[in-house]
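Worksheet: one structure, shown below.
Please treat every number below as a calculation from the coordinates, not as lab data. Quick caveat: nothing in here was measured; it's all calculated off a predicted structure. FYI the Cβ positions are ideal-geometry reconstructions off the backbone, even for glycines, and counts take in every protein chain you see.
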Amino acid sequence: MGKIKGLKELAEIIGQEKKEGKKVVLANGIFDLLHVGHIRYLKEAKSLGDILIVAVNDDQSARLIKGEGRPLVPADERIEILSSISYIDYLVKFPQRTVEEVISTLKPDIQAKGTDYTVETVPEREIVESYGGKIAITGDPKLHSTSAILEKMKIKEH
């Protein structure tokens, strides 16, 4: 799949893109059940630059963050679904709880996070700022989530 890259390969591609003067934006998440909140977050992130990279938590890191029974959809399938979104340029899977290693390697111009964060609460803020990058909060208010969808499904089952 053309958009899906390993971190090392992606670093080489992004290095070239930056030499050509392109602004690189990184968004990240689990993206377990893709919903409108994800789409709004990613679409606004793309509007901030030329290249949008989406880093996706692998299954083990998703489980650490969300708990047993998650993710519902395996990482390779989540990435395949995301790869069909036209405005996403590249995807990379990562095994850590935070996206720090991806950021340290790629040094995106902008790290986009969802509205469940503020610039001050972004866990990777210090790393991004250390090389002159910026943090952007994108998307609509956190009114949509996979967890909320799962809760609604439980209610409707009974």
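Values for this structure:
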{"read-out": "LYS23-ILE65 pseudo-label distance in nm [points 7 Å out on the Cα-to-Cβ vector]", "value": "2.5"}
{"read-out": "Rounded FRET efficiency, nearest 0.05, which uses the C-beta distance separating GLU9 from SER84 and R0 of 22 Å", "value": "0.60"}
{"read-out": "Label point distance in nm, SER47-LEU34, each placed 7 Å from Cα along Cα→Cβ", "value": "2.0"}
{"read-out": "Relative contact order (%) - the chain, alpha-carbon pairs under 8 angstrom, separation at least six", "value": "29"}
{"read-out": "With Cα atoms, 0 to 90° folded angle of helix 7-19 axis to the chain main axis", "value": "50"}
{"read-out": "Cut-off under 5 Å, modelled amide H: who pairs with ALA136 long-range", "value": "GLN111, ALA112, LYS113"}
{"read-out": "FRET efficiency, THR105 to LYS154 (Cβ-Cβ, R0 30 Å, nearest 0.05)", "value": "0.15"}
